[in-house]
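The values are calculated or read from the model by the stated rules, or taken from the named source; none is laboratory data. This is a predicted model, so every value here is computed, not measured. Cβ placement follows ideal geometry from the backbone for every residue including glycine, while neighbour counts extend to all protein chains displayed. The accessibility values were calculated without ligands, DNA or RNA, using every heavy atom of the protein model including side chains. Shrake-Rupley method; radii C 1.70, N 1.55, O 1.52, S 1.80 Å.
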Amino acid sequence: MSRYVLTSQSALERTSMLARHMSSSLSPQSIDESLVQFESNLASRTFMLNRDSKRNALSHSMIKALKSKLLEWNSADLCEIIIGTGKGSAFCSGGDIAGKFELNHLVANLNKPYVAVIDGLTMGGGAGLSIHAPFRVATEKTLFAMPETKIGYCPDVGSNYFLSRLDGEIGTYLAMTGTVIKGRAVFELGLGTHFISSSRLPDLKAHLAALPEGLSLDKVNNHINTTIEELYVERNADEPPSLLVGKVRSAVDTAFSQRTVETIMDTLSELSETQDEVGRWAKVTLEELQLRSPTSLRVSLEAVRRGKGMSLEEVLNMELGIATAYINGASPDFITGVTAVLVDKFKGRPAWVPEYVSAVMDDHIEKTYFDSNSPFWIGKGELDFVVDSQQPYPNFGLPFEEEIKLRVTGAHTDSGGMSLDLEELIQQCESSRPGKHGVREKVLEIVQRRCKIVPESSNTQSHLEWVY
């Protein structure tokens, strides 16, 4: 567990404030192991977060109980599958800072397949308990967000590793705005790997428990994948389409690929001048950013950019440094944000200091939040990872944009260096994921944004060309 050596009473008070925020509570919680319930059923082992009144936010005692039981299951011969669930309307809405970074690393490196059932609110610590799982089951009730910039903090729980690897600039957009992604869109954007109806979750648990004995790990993974896919729910005719597709999806990349917070906001301002869906999205998004802590926006942008080139372990250590800086008072915005948003329920813009992005200098952010010599890193300590890093699981979700790019350009190992037309591309993607629902729709959405069709000529057949 990470060890904080804090040097003053004010630092201790800030630590307490941070811990209470991350557990979505402003009063100390008693230790009660019944807040996490554990179940064994044939080949499966299930934990259920049982703190419905606090939307299953993780207290320190819950984190300790989870770590202990997950380590036990991880080495148990009779355990083949680990399933994570939450009681009531949330999977998990947050978590105490103490010990959560090690828990995030543990769930990412279990040697038993882990199925996170994100049925309901999944935010902050809940994201950390789910986004590192190889199987992430979303439902129509799922609400996913990293809302930390709303209260003057920065996304953590290893999110800067995962978000930076989503398609295009979706991860940057989510990290900075705290936007809530709902239902099927959680699956379509890659935050979830599967989508089923909430009403079928009891069936899912029963089917997963009935795993045949003696299977290799690859066959266990395939069995889990197939079992979940069999419960997939097709889109209803009256189901609204996802917002982040087409022109709006392209606008996300255009705006959030910019190098600085200022240029992101300038680009959104330009886009908002149009009288179409892109203009409406840009206007709302710009207004959201203007409500956020300027310091948090700078820190969040820098963290997600750095995360793309880091291992999960490196990201968690980076996030621990950022958290330590906030704990030690590097910015007053965290206390301001928690007080305004969570205590006073204030609906406007909190009194951030500095008030504007232009007053937050890049070199200050670097030296304060990302430099190991920062005076605000005092007491940072080291993370104690209790399991070795495992080889990453295959992607059991929909294909990511990078895969489509490699296939279109002939650089994918399956492409043989050949150019592809649309149907050949779809066939390749579906063949690599037998029985996977939603592949055709995802490929079509990416192709419409990122490809052009080269017509047949005397030298070449008609094929797709990637647009950079």
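Things to note:
- In this structure, His105 does not satisfy being touching a strand residue (DSSP E or B) at 6+ places or on another chain (Cβ under 9 Å) and touching a residue at least 12 places away in the same chain (Cβ under 8 Å).
- Tally of residues being closer than 27 Å to Lys380 by Cβ and either open to solvent by 70 Å² or more (accessible area, probe 1.4 Å) or out of contact with any Lys or Arg (no Cβ under 7 Å at 6 or more places or on another chain) (or both) across segment 338-349: 3
- Among (1) touching a residue at least 60 places away in the same chain (Cβ under 8 Å); (2) open to solvent by 10 Å² or more (accessible area, probe 1.4 Å); (3) more than 23 Å from Thr324 (Cβ to Cβ) - the single one Thr139 does not satisfy: (2)
- Residue in segment 77-85 that is among the hydrophobic types (A, V, I, L, M, F, W, C), within 30 Å of Lys247 (Cβ to Cβ) and either touching a helix residue (DSSP H, G or I) at 6+ places or on another chain (Cβ under 9 Å) or modelled with pLDDT of 95 or more (or both) present: no
- Residues (at pLDDT 95 or above and outside any helix (DSSP H, G or I)) located in segment 330-347: Ala330, Ser331, Pro332
- Hits in segment 19-58 - residues which are modelled with pLDDT of 90 or more, of a type outside the set (S, T, N, Q) and in a loop (DSSP other than H, G, I, E, B): Leu42, Ala43, Arg51, Arg55, Ala57
- Test for Asp266: is it open to solvent by 70 Å² or more (accessible area, probe 1.4 Å) and among the acidic types (Asp, Glu): yes
- Residues that are over 14 Å from the mean Cα position of the chain (by Cα) and either aliphatic (A, V, I, L, M) or closer than 29 Å to Ser75 by Cβ (or both), drawn from segment 118-154: Asp119, Ile151
- Every residue from segment 83-99 that is more than 24 Å from Glu140 (Cβ to Cβ) and open to solvent by less than 10 Å² (accessible area, probe 1.4 Å): Gly95, Ile97, Gly99
- Segment 323-333: number of residues that are of a type in the set (A, V, I, L, M, F, W, C) and open to solvent by 10 Å² or more (accessible area, probe 1.4 Å): 1
- Residues within segment 67-101 that are touching a strand residue (DSSP E or B) at 6+ places or on another chain (Cβ under 6 Å) and under 16 Å from Pro113 (Cα atoms), tallied: 8
- Residue tally, condition part of a helix (DSSP H, G or I) and either open to solvent by less than 60 Å² (accessible area, probe 1.4 Å) or in contact with a His (Cβ under 6 Å, 6 or more places away or on another chain) (or both), over segment 441-468: 8
- When Thr295 is tested against the conditions (1) closer than 21 Å to Lys100 by Cβ; (2) of a type in the set (S, T, N, Q); (3) part of a helix (DSSP H, G or I); (4) touching a Gly at 6+ places or on another chain (Cβ under 9 Å), the lone failure is (1).
- Subset tally (residues that are open to solvent by 70 Å² or more (accessible area, probe 1.4 Å) and part of a loop (DSSP other than H, G, I, E, B)) for segment 409-440: 4
- A single entry from Phe385, Phe376, Phe400 fulfils the requirement of being touching a His at 6+ places or on another chain (Cβ under 8 Å) and open to solvent by 20 Å² or more (accessible area, probe 1.4 Å): Phe385.
- A search for C-beta distances below 7 Å between a residue of segment 378-392 that is over 11 Å from Leu316 (Cβ atoms) and any residue that is modelled with pLDDT of 90 or more and hydrophobic (A, V, I, L, M, F, W, C), counting only pairs 6+ apart in sequence or on different chains, returns Lys380/Leu320; Val386/Leu71; Val386/Leu106; Val387/Leu106.
- Residue check for Glu355: touching a residue at least 60 places away in the same chain (Cβ under 8 Å), of a type in the set (D, E, K, R) and not in a loop (DSSP other than H, G, I, E, B): no
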